[in-house]
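Undergrad: Here it is: the structure, laid out below.
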Amino acid sequence: MVSSVYIHIPFCEKICHYCDFTKFFYEEKMADDYLIALENEIKTNIVSPNQKMKTIFVGGGTPTALNNRQLTKLVKIIDYYFDVAGVSEYTFEANPGDLTKEKIKILRDNGVSRISMGVQVFDDDMLEQLGRLHRIKDVYQNINDLINAGITNISIDLMYSLPNQTIAHFEKTLHEALQFQLPHYSAYSLQIEPKTIFYQRYKKGTLTKPPEEIEADMYEILRKEMNGKGVFQYEISNFAKPGFESQHNLTYWNNDYYYGFGAGAHGYLPGERIVNIRPFPAYVEEANRSGKPILHVEKIRKKEQVEEEMFLGLRKSEGVSIDDFEAKYQLKLKKLYKEELRNLAQRGWIEYDQRFVRLTEAGKPFGNEVFQSFLLDHDL
């Protein structure tokens, strides 16, 4: 059962220096062409209109880079093909500054219940260094406008371990973010990805990140401050007030099935992971021609499913549900991973009881090493 849908809108007014997602500079004609192709892809791949979904997530790029007419067209497409009224969560990503009162009204009036904003840092100079267009005042304006329009389920993304960022600087950003008392926050350390401006500068030696021990300290401060304000960590990079955990992102961490539509989007269907074509002209051409603009399909055997269940589930603070695992795969988790569980528990990196296997506080910094322990050396 496919329970969620991700829709990618790849347009941005400016390309951030750290971003390696599929994105293109916004041009009105390109966006018009893209929406036609996107609708054809959706129409081709779902059984019938008004499909029932648990969650809908529209990400980017910057979906709110679309103009009012295009944004209206997009939400009407989504409303036609999916049962918007029946979802538990309908999220749009937004860029502070793009999110006008008119766009907020379009989203609200068409069933959008949650906004995820890319704030990154509360420092105008650093926002400029990151290649962001918005400024701090835009964040205040947008949050105020959203709440006045009745959209209170708001999440903001933060980044840390940025070039020239000190612990004191990060604490200032964190305190400013928390004074909004929002129900959800995500926070990520800067990763320098290939094909980004930051990567080019890093290779030239003109950009440096704080050392690993400073990054680790920032992460500990993040966790302590969030939990202290009643915004509890439920996944490695995500924090929420009880009941406001991102239902869509839990789809990923629970290893559940989801559609992925749009240029460069990823989907997960029974037995296969699907990656879409990234380049704009190629995506539009193939989506219009066949409705299946697929770059690559990876067949997922039971072995890979089980491994991914462990990797993804251990990212959650509650860990992997033993009952859910055994119901899904008809395998006894503690028997399948008997040696691994014993060894990792002896090292103090995981703990387990009758219901869950989870990372310990001491194990979280060694997450990748723990995950690798659950790679199987045999087929299932």
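The values are calculated or read from the model by the stated rules, or taken from the named source; none is laboratory data. No experiment lies behind these values; they were computed from the predicted model shown. Note: ideal-geometry Cβ built from the backbone for every residue, glycine included; neighbour counts use all protein chains shown.
Undergrad: Here's a check for you: in the range 227-285, which residue that is within 25 Å of PHE356 (Cβ to Cβ) and among the charged types (D, E, K, R) is farthest from the chain's Cα centre (by Cα)? Spell out the reasoning first.
TA: In the first step, residues of the range 227-285 are kept if they are within 25 Å of PHE356 (Cβ to Cβ); the result is 227-228, 230-258, 268.
Now drop any that are not among the charged types (D, E, K, R), which leaves 235, 241, 245, 256.
Values: GLU235: 12, LYS241: 18, GLU245: 12, ASP256: 15 Å.
Looking at the filtered set, the residue picked out is LYS241.
Undergrad: Restricting attention to the range 81-119, which residues are within 16 Å of ASN67 (Cα to Cα), buried (at least 21 other Cβ atoms within 10 Å of the Cβ) and of a type in the set (S, T, N, Q)?
TA: Passing the criteria: only ASN95.
Undergrad: For the condition modelled with pLDDT of 95 or more, surrounded by fewer than 22 Cβ atoms within 10 Å (Cβ to Cβ) and assigned to a strand (DSSP E or B), what is the one hit in ASP145, ASP157? Can you show your working first?
TA: Working: ASP145 fails: assigned to a strand (DSSP E or B).
None of the other options fit; the residue is ASP157.
Undergrad: Scan the range 322-329 and tell me whether some residue there is among the small types (Gly, Ala, Ser), out of contact with any Asp or Glu (no Cβ under 7 Å at 6 or more places or on another chain) and under 24 Å from TYR219 (Cα atoms). Let's see the steps before the verdict.
TA: Of the residues in the range 322-329, the ones among the small types (Gly, Ala, Ser) are 327.
Filter once more, keeping what is out of contact with any Asp or Glu (no Cβ under 7 Å at 6 or more places or on another chain): 327.
With the extra rule that they be under 24 Å from TYR219 (Cα atoms), the set shrinks to none.
No, because not a single residue in the range 322-329 is among the small types (Gly, Ala, Ser), out of contact with any Asp or Glu (no Cβ under 7 Å at 6 or more places or on another chain) and under 24 Å from TYR219 (Cα atoms).
Undergrad: Go through the range 312-333 residue by residue and tally those that are out of contact with any Leu (no Cβ under 9 Å at 6 or more places or on another chain) and within 18 Å of TYR268 (Cα to Cα).
TA: Qualifying residue count for the region: 3.
Undergrad: Is it fair to say LYS316 is among the basic types (Lys, Arg), surrounded by fewer than 18 Cβ atoms within 10 Å (Cβ to Cβ), touching a strand residue (DSSP E or B) at 6+ places or on another chain (Cβ under 9 Å) and in contact (Cβ under 8 Å) with a residue 24 or more places away in the chain?
TA: no
Undergrad: Of all residues being in contact with a Ser or Thr (Cβ under 7 Å, 6 or more places away or on another chain) and either surrounded by fewer than 14 Cβ atoms within 10 Å (Cβ to Cβ) or modelled with pLDDT of 95 or more (or both) in the range 270-306, which is farthest from GLU41 (Cα to Cα)? Just the residue, please.
TA: Across the range 270-306, the extreme among qualifying residues is LYS292.
Undergrad: Okay, next question. Quick check: anything in the range 297-310 over 21 Å from HIS378 (Cβ atoms) and either part of a strand (DSSP E or B) or in contact with a strand residue (DSSP E or B) (Cβ under 8 Å, 6 or more places away or on another chain) (or both)?
TA: Yes, the range 297-310 contains at least one residue that is over 21 Å from HIS378 (Cβ atoms) and either part of a strand (DSSP E or B) or in contact with a strand residue (DSSP E or B) (Cβ under 8 Å, 6 or more places away or on another chain) (or both).
Undergrad: Is the range 50-66 home to any residue that is over 23 Å from the mean Cα position of the chain (by Cα), at pLDDT 95 or above and either more than 28 Å from TRP253 (Cβ to Cβ) or exposed (fewer than 15 other Cβ atoms within 10 Å of the Cβ) (or both)?
TA: Checking the range 50-66: at least one residue is over 23 Å from the mean Cα position of the chain (by Cα), at pLDDT 95 or above and either more than 28 Å from TRP253 (Cβ to Cβ) or exposed (fewer than 15 other Cβ atoms within 10 Å of the Cβ) (or both).
Undergrad: Right, next: Only residues that are within 18 Å of ASP157 (Cα to Cα) and in a helix (DSSP H, G or I): list them for the range 238-251, please.
TA: GLN247, HIS248, ASN249, LEU250
Undergrad: Checking the structure you have, find out if any residue of the range 284-294 is of a type outside the set (D, E, K, R), in a strand (DSSP E or B) and either more than 30 Å from GLU361 (Cβ to Cβ) or touching a residue at least 40 places away in the same chain (Cβ under 8 Å) (or both).
TA: In the first step, residues of the range 284-294 are kept if they are of a type outside the set (D, E, K, R); the result is 284, 287-288, 290-291, 293-294.
Then drop every residue that is not in a strand (DSSP E or B), which leaves 294.
Now narrow it down to the ones that are either more than 30 Å from GLU361 (Cβ to Cβ) or touching a residue at least 40 places away in the same chain (Cβ under 8 Å) (or both): 294.
Looking through the range 284-294, at least one residue is of a type outside the set (D, E, K, R), in a strand (DSSP E or B) and either more than 30 Å from GLU361 (Cβ to Cβ) or touching a residue at least 40 places away in the same chain (Cβ under 8 Å) (or both).
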